[in-house]
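What follows is one structure encoded as structure tokens, with my remarks underneath.
The values are calculated or read from the model by the stated rules, or taken from the named source; none is laboratory data. Predicted model, so just to flag it, every value in this text is computed and none were measured. Methodologically, a virtual Cβ is constructed for each residue, glycine included, from the backbone with ideal geometry; neighbour enumeration extends over all protein chains shown. When the accessible area is computed, the model is the full protein with side chains, heavy atoms only, and any ligands, DNA or RNA have been set aside. Shrake-Rupley method; radii C 1.70, N 1.55, O 1.52, S 1.80 Å.
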Amino acid sequence: MSGHTEASRKARAVLDEIERAVVGKRDALTLVLSAILAGGHVLLEDFPGLGKTLAARSFAQTLGLDFRRAQFTPDLLPADLTGSFIYDQGRATFEFRPGPLFTGLLLADEINRTPPKTQAALLEAMQERQVTVEGETFTLEPPFHVLATANPVEYEGTYPLPEAQLDRFLLRVGFGYPDSEEEWEVLRRRLERQREEQTLAQVVSREELLAIQAVVETVTVDPDIGRYCVALAAATRKHQHTLVGSSPRGGLALMLVARGYAVIDGRDFVVPEDVKAVAVPALAHRITIRPELWMTDISGRSVVETVLSQVPAPTARDRV
Amino acid sequence: MGTDSPDPVKHGAVTLGALVLVLCALVAATFDGPRWTDLEGEEERQTTSEEGRQVEKPDEPTDEDSQEPADDDEPWFPWLPPLDLLLLVPAALIFGVALFVVARLRLVRRRRQLTGRIGPRHSPGLEDEPPPDEEVEGLPEALGEGARTIGEGSPRNAIVASWVRLEQAVEGDRFPHKPEETPSELVERALAAYRLDDEAIRRLAALYREARFSSHPITEEHRLEATACLRRLLATLGTGAR
């Protein structure tokens, strides 16, 4: 229990520090940190200027991770990410020069602006946590996390991620616009700082982050909670608005992120509230809506919200 | 995969529209038919006489006879449109109103489908109103019973059982059981429906979640805390303590 308490304390300290830079987005930041503690990758999808890049940089600084940023442009090649062999004339050998994938936290900025070939190279590294170049395989040292950003409105010159690749992201999170008070707070802090760049203190080391992730692995998930996750994912497949519902990977993501969420909340067990809190960001991007509904306001989010209001939550009655 | 469900509202709209169109046609036929027939007969007779086909020559009308129908056809108010056209206006209005009502019904139904609120509608303010005395009467008994029996069995089972007793006590016509609800959501709803101690019921819900979903030991301290929560709820019931 003390391990969980300490992990929770550190996780909250990380969020407090990040909130110095990213104003008023505690819920979204908690979701992102839950996914990182669960060992996953996050897609930040929202309009420009809402703090996606700032949030990614802040996570890297506070978690003590090496940070690399790759701007995904139409001419980016897989080798630009993975790295390549360069001929060393002095030694007369080929030496591997690692690309930006070899880091602790990679910000894949505007991931939908690069062609599918490069996207696939990144997503393969995300899934396998290794890179193969010229037949030689290089392991990506843990912790390795990708925070990718995408703009949901500009589609010209973009390559939207296919469903199979979206499925690789543990969560898809949107930050949303701040209210007027929060927006003023952003301005006020900038005036107070008297410079553009924001530097945050490192709260945990790389080793401490690995220790917290190990604690998350010990969180208790009651079988009824596990079945609840399965039932929610399955219900998205039967929903009348869906062409393709969530894969079993969606149910797994739901459970994994709920464990991270529980640790941040100071618990060593998952409750139905955790599952409901992470359900929309964990499942909505895995759902394909029927084509005849594309022009309506029905979305993956609305499907998950409906499912949450219909699937029975674990109760006490089957225990007594 | 989703399945198509028949949409009775859509069929109803089509049927209603068709019915109104048929009514309009009937109205138009009733007022236009005889006059058109008469005019057509007259034109036909004129045409045959001009072509010189001697089938049956009609009687030569006198000057007076030929004048009279002309006087009858003369409208009283020539600046007004014909009567049949005037009757089409209310018919079109009825049709328009019917279409609007059907479209509105479809919109409401669609919104309710999206938000998953298909089913019997409850008055929104119902749960916010304080419950009648007869409904509150069952709650102290359940809380008292919970406080008495929480000492029995293991702390984990005792806490879970006391929560179940509380859940069953608050349920009723005004407070229906919702299987999709989490303990926190139930607490929020119960606080809105009953005058309960906010802190005590939240702590009891947290103890229940710990007892129900954790695997670490639940001790006598947890039991004592749950007992204190039940007593506090019992003591403050109906006093409006929040």
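Points worth noting:
- Count of segment A:175-205 residues which are open to solvent by 60 Å² or more (accessible area, probe 1.4 Å), within 18 Å of residue A:16 (Cα to Cα) and in a loop (DSSP other than H, G, I, E, B): 2
- Every listed requirement among (1) open to solvent by 30 Å² or more (accessible area, probe 1.4 Å); (2) farther than 15 Å from residue B:143 by Cβ; (3) more than 14 Å from chain A (Cβ to nearest Cβ) is met by residue B:195 save one, (2).
- Residue among A:297, A:274 that is surrounded by fewer than 22 Cβ atoms within 10 Å (Cβ to Cβ) and more than 7 Å from chain B (Cβ to nearest Cβ): A:297
- Among the residues making up segment B:149-186, those that are open to solvent by 30 Å² or more (accessible area, probe 1.4 Å) and within 25 Å of residue A:274 (Cα to Cα) are B:156, B:157, B:165, B:168, B:171, B:176, B:177, B:178, B:179, B:180, B:184, B:185.
- Subset of segment B:203-218 that is open to solvent by 10 Å² or more (accessible area, probe 1.4 Å), within 12 Å of another protein chain (Cβ to nearest Cβ) and of a type outside the set (Gly, Ala, Ser) - its residue that is nearest to residue A:272 (Cα to Cα): B:209
- Among the residues of segment A:2-11, some residue qualifies, meaning at least one is within 14 Å of chain B (Cβ to nearest Cβ), of a type outside the set (Asp, Glu) and out of contact with any helix residue (DSSP H, G or I) (no Cβ under 9 Å at 6 or more places or on another chain).
- Checking every residue in segment A:137-156 against the condition of being within 26 Å of residue A:50 (Cβ to Cβ), open to solvent by 20 Å² or more (accessible area, probe 1.4 Å), under 17 Å from the mean Cα position of the chain (by Cα) and not hydrophobic (A, V, I, L, M, F, W, C) gives at least one match.
- Residue match in segment A:206-213 (condition: over 21 Å from residue A:63 (Cβ atoms) and either among the basic types (Lys, Arg) or outside any loop (DSSP other than H, G, I, E, B) (or both)): no
- Some residue of segment A:236-255 being within 19 Å of residue B:213 (Cβ to Cβ), more than 10 Å from chain B (Cβ to nearest Cβ) and touching a Gly at 6+ places or on another chain (Cβ under 7 Å): yes
Residue-by-condition table, conditions (1) modelled with pLDDT under 95; (2) at the interface with another protein chain (Cβ under 10 Å from one of its Cβ atoms); (3) crowded, with 17+ Cβ neighbours inside 10 Å:
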{"residue": "A:284", "(1), (2), (3)": "yes, no, yes"}
{"residue": "A:287", "(1), (2), (3)": "yes, no, yes"}
{"residue": "A:302", "(1), (2), (3)": "yes, yes, yes"}
{"residue": "A:310", "(1), (2), (3)": "yes, yes, no"}
{"residue": "A:315", "(1), (2), (3)": "yes, yes, yes"}
{"residue": "A:320", "(1), (2), (3)": "yes, yes, no"}
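- Members of segment A:66-90 found to be more than 25 Å from residue A:161 (Cβ to Cβ) and either out of contact with any strand residue (DSSP E or B) (no Cβ under 9 Å at 6 or more places or on another chain) or of a type in the set (A, V, I, L, M) (or both), listed by number: A:86, A:89, A:90
- Residues in segment A:1-29 that are assigned to a helix (DSSP H, G or I) and either among the basic types (Lys, Arg) or within 14 Å of residue A:216 (Cβ to Cβ) (or both): A:3, A:4, A:5, A:6, A:7, A:8, A:9, A:10, A:11, A:12, A:14, A:26.
- Checked against (1) open to solvent by 20 Å² or more (accessible area, probe 1.4 Å); (2) more than 20 Å from residue A:175 (Cα to Cα); (3) touching a residue at least 60 places away in the same chain (Cβ under 8 Å); (4) within 14 Å of another protein chain (Cβ to nearest Cβ), residue A:261 passes all but condition (2).
- Residue tally, condition farther than 23 Å from residue A:285 by Cα, in a loop (DSSP other than H, G, I, E, B) and open to solvent by 20 Å² or more (accessible area, probe 1.4 Å), over segment A:33-72: 2
- Lone unmet requirement of (1) open to solvent by 60 Å² or more (accessible area, probe 1.4 Å); (2) assigned to a strand (DSSP E or B) for residue A:84: (1)
- The sole residue among A:144, A:169 that is free of Cβ contacts under 8 Å to residues at least 60 places away in the same chain and closer than 30 Å to residue A:207 by Cβ is A:144.
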